Structures are given as structure tokens and as C-alpha cells.
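Undergrad: I have a structure here, written as C-alpha cells, and I will follow up with some questions on it.
The values are calculated or read from the model by the stated rules, or taken from the named source; none is laboratory data. Everything numeric in this text was worked out from a predicted model, so none of it was measured. Using ideal geometry, Cβ is built from the backbone for each residue, glycine included, and neighbour counts are taken over all protein chains shown.
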Amino acid sequence: MVGLINEPVAKAEMLIRRPVAEVFQAFVDPAITTKFWFTDSSGRLETGENVKWEWAMYGASTNVHVIEIEENQRILIEWGEPKNLTPVEWVFSPRGDTGTYVTITNAGFHGTPDDIVKQAIDSMGGFTMVLCGLKALLEHNIELNLVADKAPDAHVKQKDSAS
């Protein structure tokens, strides 16, 4: 992903000890992605498609435009509000037959310099949490509920007062 030299870029990386095809599918197939990231999706990621991702616990959603999919290698999307779209790129690098190094890069943030830095920091933290959740799911079959538990007081519907 190419950006301006001084532009803040959010980057998160992690080794997932699973084959690249399995790790790639975890991001394009919402039946898997909903186990570690968002709660609902209007569809699978495919080049040229538009999908909507939702985080029901926060009453939040975003529109996603899939720019390019390179099977088991790369995903490139734009997401956000129409006037403030930012690109996000996933790169999947095989590590032998049983490992995948995932790099997620988000750039193109908008607003004041302080706003841009805050968005980049938030994005890096969020994508790091997503990769940790994916690692737990694929390597140990554990759903950590990291996204929902990050800000439990921000849930729009709290059925119980568990902390």
C-alpha cells in the first residue's frame, strides 16, 4: 500500500499457525469472521462487491467496497463513510505448509493532524485485537469475544450486568 511519506499508517502483523488457505478464508467468509470480529455481514468478500459489516453490540456498521481479492495472497478494501473512505489491505505470507504471516495495513485517514494520529492508533489496536482473536480461533478453537469485551459499557443492549 503506497501512501505519503509522512502519512500515519496503521499496521498490525501476526503469525497464525494454520495454512494460508484457512487463514485467508477466515477473512473472506463471514461465517468464520463473525466468530472473531464483526457480528453480521451482508455477504462474502469478492472483488467488486459491496458488503455491510455490523457490530450489533455497539449499534455500529460500516460499508465495505472490495477493490481486489487475490486468492490466498491479498485482500484490498475501502471502508467507512463515503466522504472518508480508507483503504485496508491484508497480505497473507505462507510460512511453510502450516503457518501464515498476516499483515494488515490501514491508511488514508482524514481530519486534523491530531484526528489522523488518533484514527491510526485506534486502527492499529483494533486490527491487533482482531489478529489475536483469529489466532485463538484457528489455533485453539477458542472464541475470545475480544471485540465485544473491549468496551462492554458501550454496548447498546446489555442483557445482564456481567463484567
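Undergrad: Taking Lys83, is it modelled with pLDDT under 95, under 28 Å from Glu7 (Cα atoms) and not in a loop (DSSP other than H, G, I, E, B)? Lay out the reasoning, then the answer.
TA: Working: modelled with pLDDT under 95: yes; under 28 Å from Glu7 (Cα atoms): yes; not in a loop (DSSP other than H, G, I, E, B): yes.
Taking the combined requirement at face value, the residue satisfies it.
Residues are listed down the side, and each one gets a yes or a no for (1) under 24 Å from Glu143 (Cβ atoms); (2) surrounded by 18 or more Cβ atoms within 10 Å (Cβ to Cβ); (3) in contact (Cβ under 8 Å) with a residue 12 or more places away in the chain; (4) not hydrophobic (A, V, I, L, M, F, W, C):
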| residue | (1), (2), (3), (4) |
| --- | --- |
| Glu13 | yes, no, yes, yes |
| Val20 | yes, yes, yes, no |
| Thr34 | yes, no, no, yes |
| Val51 | yes, yes, yes, no |
| Ala60 | yes, no, no, no |
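Undergrad: Suppose we keep only residues that are out of contact with any helix residue (DSSP H, G or I) (no Cβ under 8 Å at 6 or more places or on another chain) and among the charged types (D, E, K, R) within segment 109-154. Which one would you say is nearest to Val88 (Cα to Cα)?
TA: The extreme case among them is Asp122.
Undergrad: Follow-up. Among the residues of segment 105-134, what is the count of those that are surrounded by fewer than 16 Cβ atoms within 10 Å (Cβ to Cβ), at pLDDT 95 or above and of a type in the set (Gly, Ala, Ser)?
TA: Counting residues in segment 105-134 that are surrounded by fewer than 16 Cβ atoms within 10 Å (Cβ to Cβ), at pLDDT 95 or above and of a type in the set (Gly, Ala, Ser) gives 1.
Undergrad: Is it true that some residue in segment 58-68 is among the charged types (D, E, K, R), modelled with pLDDT of 95 or more and either farther than 22 Å from Asn145 by Cβ or touching a Phe, Trp or Tyr at 6+ places or on another chain (Cβ under 8 Å) (or both)? Full working, then the answer.
TA: Of the residues in segment 58-68, the ones among the charged types (D, E, K, R) are 68.
When the remaining residues are screened for being modelled with pLDDT of 95 or more, the result is 68.
Narrowing the set further to residues that are either farther than 22 Å from Asn145 by Cβ or touching a Phe, Trp or Tyr at 6+ places or on another chain (Cβ under 8 Å) (or both) leaves 68.
Among the residues of segment 58-68, at least one is among the charged types (D, E, K, R), modelled with pLDDT of 95 or more and either farther than 22 Å from Asn145 by Cβ or touching a Phe, Trp or Tyr at 6+ places or on another chain (Cβ under 8 Å) (or both), which makes the answer yes.
Undergrad: Is it the case that segment 90-99 has a residue that's under 14 Å from the mean Cα position of the chain (by Cα), in a strand (DSSP E or B) and of a type outside the set (A, V, I, L, M, F, W, C)?
TA: Here is the first cut: in segment 90-99, the ones under 14 Å from the mean Cα position of the chain (by Cα) are 90-92.
Among the residues that remain, those that are also in a strand (DSSP E or B) are: 90-92.
Retained after the next criterion (residues that are of a type outside the set (A, V, I, L, M, F, W, C)): none.
No, because not a single residue in segment 90-99 is under 14 Å from the mean Cα position of the chain (by Cα), in a strand (DSSP E or B) and of a type outside the set (A, V, I, L, M, F, W, C).
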